[in-house]
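Working notes, beginning with the structure itself.
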Amino acid sequence: MLELTRVTAGYDRREPVVREVSLSLAPGESLGLLGPSGCGKSTLARVAALLHRPYAGTVVLDGEPVRGWRHRAPRAQRTAVGVVFQQPRLSADPRLTLRELIAQPLRATGRRAEVADRVAALAPAVGLTPELLERRPHEVSDGQLQRACLARALVLRPRWLICDEMTAMLDASTTAALVAVVESYRRESGAGLLAVGHDRVLLERWCDRTVGWQECSAPGAPQEVMGPGGQSS
Amino acid sequence: MAETDFGPARRTTRRIRVTASAGIVAAVLLAVLLVPPLVQLDQQAVDLAAKLRPPSWQHPFGTDDVGRDLLLRCVYGLRVSLLVGVVAGLTATVIGTAVGALAAAFGGWTDRLVMRLVDTFSSVPHLLLGIFIVAMFRPGVGPVIVSVALTHWLSTARIVRSEVLSLRSRPFIDAAISGGASRGRVVVRHLLPAVLPQAGLAAVLMVPHAMWHESALSFLGLGLPTHQASLGNLVQTARGSLLAGDWWPTLFPGLFLVLPTLALAGLAGAWRERINPRRRSELML
């Protein structure tokens, strides 16, 4: 399970963006989180990906309570969650080729030996040709770069995948292709998916269930909106 | 639009400037590296019978007040000034990069403390601080380098800190952390490579600046010992002769200081435009 309970987070303690939000996600389940822009859903996604320390609330990942965020989280916990961000330009180190970009998590975790095999398996799956793999981010389109970013998020075979507005910058066919890649990974690995976005049509087609931001955030009200079984109330 | 209007003309002048700068820098490097080993003349050789001779075929730059050949003195002086400039510039850049990167990487109180320290140092004119530092030692190359290096890391620290701060919050750092990268890996693989061009540029820009400081300190009689040829010392000892109407002992060391430093600064400027295209496009507008 990936459980967020009454999480309050933000960038200014006096005015948190996310107030007492609770969410829970079962293995193999796909959950769409709908919200207007600026509501704090990306911040919540960063909390769930262990990239942003909340002011209050708890995150439990596979039964283990999360005690530290960013570098303070144990590597095994951090790498259990794969993340795809909204803007591929900003989430790719401009000095790396797409091949290095995809291989980066393997190198960082000391699994250099698997690089060739994993990249060779993932690149065709996300639709990148060998020629594209040798290019740098500024030499490819947003869609191609986002394909590489998705491959990077999948390269360590995470048990959880968080897609934060993954397709907001992309055209319909690339969106369909990336969603298909995520879905086939989920079928094959049984990973849980949290898809954050503002496109109701897309999320309702894509995910097992979709919740609105209002339903899971309960400012001032200390009740748990999402049951542990993942049933939306 | 600016590209088509006056871009090409400007680009041509820039090319001329860069070529001239590169030529001067190359000539300077050749002179300081090759002349001393190849020309077996003693730059310290005193010939009182030939003192203060104007430029001639025998002494192209003339001779100084004790009859030493000025061309040779200038080359040796440039060698010393360049050595001081390069070593002090590099040291200052390394200190600045380390301080700036650490302040930004740790953040919080460390950052605040370090940056207030930088402010404090910056509030004192750096030549004054430099004079204070050299005054504590016997004259020599070492103290001058220490003095210039210790007073010139501040701006580099500021630049590197702001650069690292802006990089640190980019999603690609988040992606690296999420991919299991350790703190050290993030710094070595993602942050440092991004700031190195800026730091390298700061180092190159610092070299001519440091040369001027060496000259200023020597001119004030605080830098290198007077018998050692350095551009500052040469100008300093030439002051007396200038009043008597002998212009060459001032002019040639002065040119030796101005031309190479301008050339180095010109090259560094061209490099800055190259690695920072946004600045280039701003200049074009």
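The values are calculated or read from the model by the stated rules, or taken from the named source; none is laboratory data. As the structure is a prediction and not an experimental result, all values here were calculated from the model. In this analysis, Cβ positions are derived from the backbone assuming ideal geometry, glycine residues included, and neighbour counts consider all displayed protein chains.
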If I go through region A:25-44 residue by residue, how many of them are under 26 Å from A:SER189 (Cβ atoms), hydroxyl-bearing (Ser, Thr, Tyr) and either away from every other protein chain (no Cβ under 14 Å) or without any contact (Cβ under 8 Å) to a residue 12 or more places away in the chain (or both)?
1
Take the residues in region A:90-113 that are of a type in the set (S, T, N, Q) and buried (at least 22 other Cβ atoms within 10 Å of the Cβ); name whichever of them is nearest to the other protein chains (Cβ to nearest Cβ).
A:SER91
Tell me whether region A:203-215 contains one or more residues that are part of a helix (DSSP H, G or I), in contact (Cβ under 8 Å) with a residue 40 or more places away in the chain, more than 22 Å from A:ARG99 (Cβ to Cβ) and acidic (Asp, Glu).
yes
Does A:TRP213 count as at pLDDT below 90, surrounded by fewer than 22 Cβ atoms within 10 Å (Cβ to Cβ) and of a type in the set (Phe, Trp, Tyr)?
yes
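Among the residues of region A:164-193, which ones are in contact with a Phe, Trp or Tyr (Cβ under 9 Å, 6 or more places away or on another chain) and under 17 Å from A:GLN87 (Cα atoms)?
Residues satisfying the conditions are A:ASP164, A:GLU165, A:MET166, A:VAL179.
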Tally time: how many residues in region A:147-180 are within 12 Å of chain B (Cβ to nearest Cβ) and either in a helix (DSSP H, G or I) or among the hydrophobic types (A, V, I, L, M, F, W, C) (or both)?
12
Out of the residues in region B:164-213 that are more than 30 Å from B:PHE132 (Cα to Cα) and within 22 Å of the chain's Cα centre (by Cα), state the one that is surrounded by the most Cβ atoms within 10 Å (Cβ to Cβ).
B:VAL195
The conditions are (1) more than 10 Å from chain A (Cβ to nearest Cβ); (2) on the phi > 0 side of the Ramachandran plot, and B:GLY180 fails exactly one of them. Which is it?
(1)
Among (1) at pLDDT 90 or above; (2) buried (at least 19 other Cβ atoms within 10 Å of the Cβ) - the single one A:TYR55 does not satisfy
(2)
Given the residues B:PRO193, B:PRO197, B:PRO208, which is the only one that is in a helix (DSSP H, G or I) and either modelled with pLDDT under 80 or among the basic types (Lys, Arg) (or both)?
B:PRO197
Any idea how many residues of region A:58-79 are within 12 Å of another protein chain (Cβ to nearest Cβ) and either at pLDDT 90 or above or buried (at least 21 other Cβ atoms within 10 Å of the Cβ) (or both)?
3
Evaluation of B:PRO54 against (1) more than 30 Å from B:VAL204 (Cα to Cα); (2) surrounded by 15 or more Cβ atoms within 10 Å (Cβ to Cβ) (one fails), failing number:
(2)
Taking the condition of being in contact (Cβ under 8 Å) with a residue 24 or more places away in the chain and aromatic (Phe, Trp, Tyr), how many residues in region A:66-97 meet it?
1
Region B:190-205, residues that are in contact (Cβ under 8 Å) with a residue 12 or more places away in the chain and either facing chain A (nearest Cβ under 8 Å) or touching a Lys or Arg at 6+ places or on another chain (Cβ under 6 Å) (or both)
B:HIS190, B:ALA194, B:LEU201
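Every residue in region B:225-265 that is hydrophobic (A, V, I, L, M, F, W, C), crowded, with 21+ Cβ neighbours inside 10 Å and assigned to a helix (DSSP H, G or I), please.
B:LEU231, B:LEU234, B:VAL235, B:ALA238, B:TRP248, B:PHE252, B:PHE256, B:LEU257, B:ALA263, B:LEU264, listed by residue number.
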List pairs: first in region B:39-56 and at positive phi, second surrounded by 11 or more Cβ atoms within 10 Å (Cβ to Cβ) and charged (D, E, K, R), Cβ under 9 Å, 6+ apart or cross-chain?
B:LEU52/B:ASP64; B:LEU52/B:ASP65; B:LEU52/B:ASP246
Odd one out for B:TRP212 among (1) farther than 30 Å from A:ASP164 by Cα; (2) out of contact with any helix residue (DSSP H, G or I) (no Cβ under 6 Å at 6 or more places or on another chain); (3) within 14 Å of chain A (Cβ to nearest Cβ); (4) in contact (Cβ under 8 Å) with a residue 40 or more places away in the chain
(3)
Before we move on, is A:ARG147 on the phi > 0 side of the Ramachandran plot, surrounded by 15 or more Cβ atoms within 10 Å (Cβ to Cβ) and in contact with a helix residue (DSSP H, G or I) (Cβ under 7 Å, 6 or more places away or on another chain)?
no
Within region A:17-34, how many residues turn out to be crowded, with 21+ Cβ neighbours inside 10 Å and in a loop (DSSP other than H, G, I, E, B)?
0
Positions within region A:45-57 being more than 9 Å from every other protein chain (Cβ to nearest Cβ) and either among the basic types (Lys, Arg) or touching an Asp or Glu at 6+ places or on another chain (Cβ under 9 Å) (or both), in sequence order:
A:ALA45, A:ARG53, A:ALA56, A:GLY57
If you go through region B:87-116 one residue at a time, how many are out of contact with any Lys or Arg (no Cβ under 9 Å at 6 or more places or on another chain), among the aliphatic types (A, V, I, L, M) and closer than 19 Å to B:VAL148 by Cβ?
7
Restricted to region B:139-193, and to residues that are of a type in the set (A, V, I, L, M, F, W, C) and in contact with an Asp or Glu (Cβ under 7 Å, 6 or more places away or on another chain), which residue is nearest to B:PRO225 (Cα to Cα)?
B:VAL144
